[in-house]
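> What follows is a single structure, and I will ask about it in a moment.
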Amino acid sequence: MSEKNIFELSVQGRTGVRYPDIDVPLTEYPQHLKRENLALPELSELDVVRHFSHLAKLNYSIDSGFYPLGSCTMKYNPKMNEQAARQPGFASTHPLQPIETTQGNLVLMYLLQEALKEISGFHSVSLQPAAGAQGEFVGVRIIRRYLQSIGEGHRDKILIPDSAHGTNPASASMNGLKAVQVPSDERGNIDLVALQNMIDNNVAGLMVTNPNTLGLFEENICEVTKIIHAAGGLVYGDGANMNALMGIAKPADLGIDVMHFNLHKTFSTPHGGGGPGSGPVGVIEKLAPFLPSPIVAIIEPGNDEYAPLYGFIEPEQSIGRVKAFHGQFGVLVRAFAYIDLLGSDGLRLAAEHAVLNANYLLAKLKDYYHVPYPRLCKHEFVVEGAWEEAPDIHALDISKRLMDYNFHPPTNYFPLIVHEALMIEPTETESKDTLDEFIEAMISIANEAHTRPELLHAAPATAPLRRLDELKAAKELTVCCTPIFNQDD
Ligand SMILES: *Cc1c(COP(=O)(O)O)cnc(C)c1O
């Protein structure tokens, strides 16, 4: 079906409603408010139902298939989380209700803060930020405010490994810091010698992702954090990859001072397609006074007669609010339900299976795709989507061809340090059967690349549209339909 057919369905005079006969006296409608030729689509109810059902079927989601989009942790979202978030007590409260009437919600937020503290080893957590990127902004702002508070406000340089997510340098520069790139060594770790050479009195800190975006554990993480601390800087942890660590290692124990969590990745809430996110920030004790407000705390201890009263507190030197009201409350409920359902053993098992699944895929694919850093991976790994013998094939062709095999493509062209990168993250929620089907598709595509490259160049053959101008689609997004009918009336 062409793009035009999907959206231009209007037929003049067709309607989906029938108004009842008028049983009140007619009055004159103010003429100046009346618009002639209002270009609304004219459709029957069935037309509308079919249109939206058709669009829904075009949607690819974790509920419809395997979604190995590296760095995004597209794990299955248990339906129990959805049930929890839809409880009227959670879904229908108003954020300005008196706290005495919303104690259940506050207890949930408090317990989630406590759980995230336990998982990460941090002293305090704020649930305010609405996404990972906003959490980064908050974390770097806290580092800056802390340094200013101890008379080190001149420190304006932040070191960021070349494998980092693009949001890292963006968060640094939005905070007025200069992002300086640290090279990786041949094992995919931060190059310690280069790092040491970049240290001076202007270093505010380092932003580190561990495991990094190559899916590799920073083998010298404790050495790295020691170097930064010795230089008077602080270490920001990008917590997007906590799915490999939760229940196994605590970032605070590795020398991280402040980190964001991506609840919508690690803690299983639906995302992709721009769905809601949540990026709580955890900090060590000396940074706690700077956290965004408010934070949920017990403001009146309980006694034999009364339960404790939960309310909001504002840290003394808080950087302020970064989000209206109390953060993405619906996402907080889902993440809490997930953590509570799994418990500490379950979280650890989830991380172990995420790592096992990634290593299984890597082991099965390494003979067919070039692996730039061939070592044990964590929850994801990166291969090259190119071969010397097939010079016309690129990572994008492989990604598009995977759509014909009914799989969501991996992340491509990131991290930037890998040539024609394909970044694959299976997550723990996939069965061995699904992984085997994906392996078969990837091997088959590798063979096609060498024998029938035209199949890859023509892909996707099964999607409603072929290759799109992705940049234009992102930069010039048209979110509303401009009807082209009725214009001559
Ligand atoms: C997803 C991601 C981010 C940004 O998180 P958002 O919630 O998408 O803003 C930052 N760093 C890494 C490594 C990520 O994977």
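The values are calculated or read from the model by the stated rules, or taken from the named source; none is laboratory data. Everything numeric in this text was worked out from a predicted model, so none of it was measured. So basically every Cβ, Gly included, is an ideal-geometry build from the backbone, and we count neighbours across all protein chains shown. For the accessible areas, the whole protein counts, side chains as well, though only heavy atoms, and no ligand, DNA or RNA atoms are used. Shrake-Rupley method; radii C 1.70, N 1.55, O 1.52, S 1.80 Å.
> Out of the stretch 218-270, which residues are assigned to a helix (DSSP H, G or I), within 15 Å of the ligand (Cβ to nearest atom) and of a type outside the set (Lys, Arg)?
The answer is MET242, ASN243, ALA244, PRO251, LEU263, HIS264, THR266.
> Then there is this: Kindly indicate whether any position in the stretch 34-56 is open to solvent by 80 Å² or more (accessible area, probe 1.4 Å) and within 30 Å of HIS379 (Cβ to Cβ).
Scanning the stretch 34-56, I find no residue that is open to solvent by 80 Å² or more (accessible area, probe 1.4 Å) and within 30 Å of HIS379 (Cβ to Cβ), so the answer is no.
> Name the residues in the stretch 278-290 that are assigned to a loop (DSSP other than H, G, I, E, B) and out of contact with any Pro (no Cβ under 9 Å at 6 or more places or on another chain), would you? Walk me through it before giving the result.
Of the stretch 278-290, the ones assigned to a loop (DSSP other than H, G, I, E, B) are 278-280, 284.
Passing the criteria: only ILE284.
A quick yes/no check of all residues on (1) open to solvent by less than 10 Å² (accessible area, probe 1.4 Å); (2) aliphatic (A, V, I, L, M); (3) in contact with a His (Cβ under 9 Å, 6 or more places away or on another chain):
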residue: LEU216; (1), (2), (3): yes, yes, no
residue: ASN220; (1), (2), (3): no, no, no
residue: ILE227; (1), (2), (3): no, yes, no
residue: GLY239; (1), (2), (3): yes, no, yes
residue: PRO251; (1), (2), (3): yes, no, no
residue: HIS271; (1), (2), (3): no, no, yes
residue: GLU305; (1), (2), (3): no, no, no
residue: SER318; (1), (2), (3): no, no, no
residue: GLY327; (1), (2), (3): no, no, no
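> Shifting gears a bit: Looking only at the stretch 170-179, count every residue that is open to solvent by 40 Å² or more (accessible area, probe 1.4 Å), more than 16 Å from the ligand (Cβ to nearest atom) and either touching a Pro at 6+ places or on another chain (Cβ under 9 Å) or not charged (D, E, K, R) (or both) and tell me the total.
Adding up the residues that qualify gives 1.
> Looking only at residues that are in contact with a strand residue (DSSP E or B) (Cβ under 9 Å, 6 or more places away or on another chain), free of Cβ contacts under 8 Å to residues at least 60 places away in the same chain and not in a loop (DSSP other than H, G, I, E, B) in the stretch 111-157, which one is nearest to the ligand (Cβ to nearest atom)?
The qualifying residue nearest to the ligand (Cβ to nearest atom) is LYS157.
> Given the conditions (1) of a type in the set (S, T, N, Q); (2) in contact with an Asp or Glu (Cβ under 9 Å, 6 or more places away or on another chain); (3) within 16 Å of the ligand (Cβ to nearest atom); (4) over 23 Å from ASN243 (Cβ atoms), report the number of the one that THR167 does not fulfil.
Every condition holds for THR167 apart from (4).
> Within the stretch 394-402, can one find any residue that is within 22 Å of GLU186 (Cβ to Cβ), modelled with pLDDT of 95 or more and open to solvent by less than 40 Å² (accessible area, probe 1.4 Å)?
Checking the stretch 394-402: at least one residue is within 22 Å of GLU186 (Cβ to Cβ), modelled with pLDDT of 95 or more and open to solvent by less than 40 Å² (accessible area, probe 1.4 Å).
> When the stretch 434-469 is examined, which residues are found to be among the basic types (Lys, Arg) and modelled with pLDDT of 95 or more?
Result: ARG452, single match.
> Next question. Going by the conditions given, is SER64 touching a strand residue (DSSP E or B) at 6+ places or on another chain (Cβ under 7 Å), outside any helix (DSSP H, G or I) and closer than 30 Å to PRO415 by Cα?
So SER64 fails the test.
> List every residue pair whose Cβ atoms lie under 6 Å apart, where the two residues are 6 or more positions apart in sequence or sit on different chains, the first residue falls within the stretch 275-299 and is farther than 15 Å from HIS326 by Cβ, and the second residue, located anywhere, is among the β-branched types (Val, Ile, Thr) and at pLDDT 95 or above.
That search, which allows pairs on different chains as well, returns GLY282/VAL125; VAL283/VAL258; LEU287/ILE142; LEU287/VAL258; PHE290/ILE142; PHE290/ILE319.
> Being more than 16 Å from the ligand (Cβ to nearest atom), acidic (Asp, Glu) and over 28 Å from ALA244 (Cα atoms) narrows it down to one of ASP304, ASP340, so name that one.
ASP304
> Moving to a separate point now. Only one of these is outside any loop (DSSP other than H, G, I, E, B) and not aliphatic (A, V, I, L, M): LYS75, LYS57. Name it. Reasoning before the result, please.
Working: LYS75 fails: outside any loop (DSSP other than H, G, I, E, B).
On inspection, the qualifying residue turns out to be LYS57.
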